């Protein structure tokens, strides 16, 4: 007997699962969910986990594949949860974590979906299938279909970067480029599948796709517990011994059709059903402003989202104009449970977030992931996120070769290597001279005086990422004033709270020295200033910025205004 059944969410009828049966046999609804023997799993799964590898199939009792085939796996799942220390410092939220789905076999979280769907199709004897895609699904399905020996047809909107289409084709997939938007590509794919009687992946209405995304929630709960310890009950400090896994306060993801959050919600709900967790996160669903039907419906208090007929975003992977019933289900479940929000960001805000994440954390992400981070930035600024909240952002995929629109025009310098010059002097001298010539007219000298090495590192990274600055650092006020006298910087970035000579003392020394008095000063401090302290700073500094309350672009605007 199978360890699961499918239940219609409209009439509650339960039936066995077959991938080729896409509708409820009783009422005809295509909206169904998998249901498992939770009582048995509750008794057995915790004992099994300790002996299993940390990958997607670790949770096989909760997946719609009867007999997982080890020959089909490629190491999917088990992606790391990375603390965003620099980003957290910049936002004043020290508990930001990145679920790094870039490290899947094809570098996106769609590998989970493809792994389980293709395994289910292979198990059912399906030999040929059809998907519609904005890029990542086509690539992931193509890789797993090739491994399983399934023929795949991928209908891809023409808005998708050609590099993604070529990668899907490399696996042997029959790529059909549809000149139109994603909704039109889905319609063409559905007509093609019906005409040929082929299996059609229906996204959020396909059982394996939703079930695959649950594993993101399972992994996050295990990883947070390992990093932060088990949860505590604020009411009495006591929890049932089985409630051992921690959930985040917020789960943040960019959404197009809404499959990811639907699956993740189900995952956290099942952890509670199994007694492994006692809470679920709030959900922040972020869309590109040029195609944000869910955000518009949420803001208007509507139960059904009005489709966006013509998406106006360069982020093709998020250009789903009609979320259909998915939005309604998300809204209902968010309002019934812990809540959350829908947020939108512009393409420009997303591209900026790509820069911030790469330069602050060394993580290069696709524009869709950047939409999630840009949404988080807006939430922090709006006060929706408490500084103590544990936040997990789904890093859904790695960037493709970076588009010109993301970087702008001046993203590299041209240095011409001259053979004649190389013969006259050492090669490194010639190159260094050329590089110095390039940067000499832009060189700025900045002193950073702060007793916290992490803060100095954060400020240094922001400056280095934005321009060619000569940077000098001092770890306390005494060394800071000596450094300033020795180096005569163009700008001082100063902390107030330091041992021995504090920032106020440094300012007094500078203003009392004619050679230093005119140097601009930006104060970056975690201290809540009294009215007397603010009065003391008045007229002595150029800008006051609170640590944890400034973004990199805000700091750079101040630096540029003072040094250009």
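Observations, loosely collected:
- Which listed residue is crowded, with 24+ Cβ neighbours inside 10 Å and in contact (Cβ under 8 Å) with a residue 24 or more places away in the chain, from 100, 111: 111
- Selection within the range 321-338: residues that are at pLDDT 90 or above and in contact with a strand residue (DSSP E or B) (Cβ under 7 Å, 6 or more places away or on another chain). The member of this set that is nearest to residue 32 (Cα to Cα) is 330.
- Every residue from the range 87-96 that is in contact with a helix residue (DSSP H, G or I) (Cβ under 9 Å, 6 or more places away or on another chain) and surrounded by fewer than 22 Cβ atoms within 10 Å (Cβ to Cβ): 89, 92, 94, 95
- Residue list for the range 147-164, filter: without any contact (Cβ under 8 Å) to a residue 60 or more places away in the chain and either out of contact with any strand residue (DSSP E or B) (no Cβ under 8 Å at 6 or more places or on another chain) or crowded, with 24+ Cβ neighbours inside 10 Å (or both): 149, 152, 154, 155, 156, 162
- For the range 89-96, the criterion of being at pLDDT 95 or above, assigned to a strand (DSSP E or B) and over 22 Å from residue 141 (Cβ atoms) is met by at least one residue.
- If you go through the range 67-88 and keep only what is at pLDDT below 95 and closer than 25 Å to residue 249 by Cβ, you end up with 85, 86, 87, 88.
- Out of 91, 87, one residue alone is farther than 30 Å from residue 328 by Cα and touching a strand residue (DSSP E or B) at 6+ places or on another chain (Cβ under 8 Å). It is 87.
- Matching residues, the range 359-380, being assigned to a helix (DSSP H, G or I), modelled with pLDDT of 90 or more and out of contact with any strand residue (DSSP E or B) (no Cβ under 7 Å at 6 or more places or on another chain): 361, 367, 370, 377, 380
- Flag for residue 119 being under 21 Å from residue 218 (Cα atoms), out of contact with any strand residue (DSSP E or B) (no Cβ under 9 Å at 6 or more places or on another chain) and buried (at least 17 other Cβ atoms within 10 Å of the Cβ): yes
- Residues being at pLDDT below 85, surrounded by 13 or more Cβ atoms within 10 Å (Cβ to Cβ) and part of a helix (DSSP H, G or I) - total across the range 440-456: 1
- Of all residues in the range 45-66, those that are surrounded by fewer than 13 Cβ atoms within 10 Å (Cβ to Cβ) have Cβ atoms under 8 Å from Cβ atoms of residues that are at pLDDT 95 or above and outside any helix (DSSP H, G or I), 6 or more apart or on another chain, in 53/78.
- Residue in the range 71-80 that is within 21 Å of residue 368 (Cβ to Cβ), over 23 Å from the mean Cα position of the chain (by Cα) and either free of Cβ contacts under 8 Å to residues at least 24 places away in the same chain or not assigned by TED's automatic domain parsing to the domain that holds residue 378 (or both) present: no
- Condition broken by residue 167, with the remaining ones in (1) out of contact with any helix residue (DSSP H, G or I) (no Cβ under 8 Å at 6 or more places or on another chain); (2) in contact (Cβ under 8 Å) with a residue 12 or more places away in the chain; (3) farther than 16 Å from residue 316 by Cα satisfied: (1)
- Counting only residues that are surrounded by fewer than 16 Cβ atoms within 10 Å (Cβ to Cβ) and in contact with a strand residue (DSSP E or B) (Cβ under 6 Å, 6 or more places away or on another chain), the range 466-487 holds 2 of them.
- Of all residues in the range 406-424, one or more are modelled with pLDDT of 50 or more, surrounded by 11 or more Cβ atoms within 10 Å (Cβ to Cβ) and assigned to a helix (DSSP H, G or I).
- Within the range 277-315, tally of residues that are over 21 Å from the mean Cα position of the chain (by Cα), crowded, with 22+ Cβ neighbours inside 10 Å, in contact (Cβ under 8 Å) with a residue 24 or more places away in the chain and part of a loop (DSSP other than H, G, I, E, B): 2
- Of all the listed residues (507, 501, 496), the sole one being in a helix (DSSP H, G or I), in contact (Cβ under 8 Å) with a residue 12 or more places away in the chain and assigned by TED's automatic domain parsing to the domain that holds residue 452 is 507.
- Among the residues making up the range 383-397, those that are touching a residue at least 24 places away in the same chain (Cβ under 8 Å) and either touching a helix residue (DSSP H, G or I) at 6+ places or on another chain (Cβ under 6 Å) or part of a loop (DSSP other than H, G, I, E, B) (or both) are 384, 385, 386, 387, 388, 389, 390, 392, 393, 395, 396, 397.
A quick yes/no check of all residues on (1) touching a strand residue (DSSP E or B) at 6+ places or on another chain (Cβ under 7 Å); (2) in a loop (DSSP other than H, G, I, E, B):
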position: 7; (1), (2): yes, no
position: 12; (1), (2): no, yes
position: 20; (1), (2): yes, yes
position: 24; (1), (2): yes, yes
position: 30; (1), (2): no, yes
position: 33; (1), (2): yes, no
position: 40; (1), (2): no, no
position: 47; (1), (2): no, no
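- When residue 318 is tested against the conditions (1) under 20 Å from residue 33 (Cβ atoms); (2) crowded, with 16+ Cβ neighbours inside 10 Å, the lone failure is (1).
The values are calculated or read from the model by the stated rules, or taken from the named source; none is laboratory data. Given the structure is predicted, the values throughout are model-derived calculations rather than measurements. Reconstructed Cβ throughout: ideal geometry from the backbone, glycine too, with neighbour counts over all protein chains shown.
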